[in-house]
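Here, each number is a calculation from the coordinates, and none is a lab measurement. Bear in mind the structure is a predicted one, so any value in this text is a computation, not a measurement. As a convention, Cβ positions derive from the backbone with ideal geometry for all residues, glycine included, and neighbour counts pool all protein chains shown.
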Amino acid sequence: MAFHQKPGAPLKIAVLALLMLLPAWRAIGEVSGNWIYEKITTDTLQKELKSATVRSRNLIQLLPPDAGVNHGLIMIRKVKGGEPEVLFALDEGRFYTGETIRVKIDGGNAEWIAVDKPMDRRTDLLFIHEPIKFINQIKNAKELKIAAQLSQNGEKTFDFTVEGLDLTKVGL
């Protein structure tokens, strides 16, 4: 008898496990379509963070030293009273990209968009440089493709189903 999980279940389990390890945070999560929505409040500062995360529908096989399968993640997040941010992250592996990635929305033309590396020098995460413009481009889209250079793995393309994004759940 084979065990089958719903698409997105591993991501939900991973996010919930992470949240259980952070006792100083209170979180409320919800899965709606392809998106996972979270509302996290710190106990100490009472800062509220809302986010929407979608995982790529395709798996990328990576070569050593990052060997294994990998998904891409898009997260839209906003701290109450702050500006929104859009993150492009990897489950595993490292970005080797310079300052741009290629994005294609709903079969349109591929466009180069600027990204910023995190200040803490993490290599598995990039920030979309103009988050509001990016959010406006995908809010009514169905599909998103992002191509980026990965360290020792060349350019890889991640396919996302972004349909059904509810920006009100992120405070936008």
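Miscellaneous remarks
- Of all lysines in the structure, those lying under 16 Å Cα to Cα from K78, and not within fewer than 8 positions of it along the same chain, are K39, K47, K50, K133, K139, K169.
- Spin-label pair T42/F127, simplified geometry with 7 Å Cα→Cβ offset, distance in nm: 1.6 nm
- Of all aspartates and glutamates in the structure, those lying under 20 Å Cα to Cα from K104, and not within fewer than 8 positions of it along the same chain, are E85, D116, E130, E143, E155, D159, E163.
- Fewest-first sequence of Y37, Y96 by Cβ atoms within 10 Å of each Cβ: Y96, Y37
- Put in order of Cβ neighbour count within 10 Å, fewest first, the listed residues L59, L144, L49 become L59, L49, L144.
- In terms of other Cβ atoms within 10 Å, M119, M75 run from fewest to most in the order M119, M75.
- Fully extended contour minus Cα-Cα distance, from N136 to E111, at 0.36 nm per residue: 7.5 nm
- Net length gained if the chain between S151 and E99 were fully extended (0.36 nm per residue, minus Cα distance): 17.3 nm
- Under 12 Å from the Cα of K117 - aspartates and glutamates, other chains or at least 8 residues apart: E99
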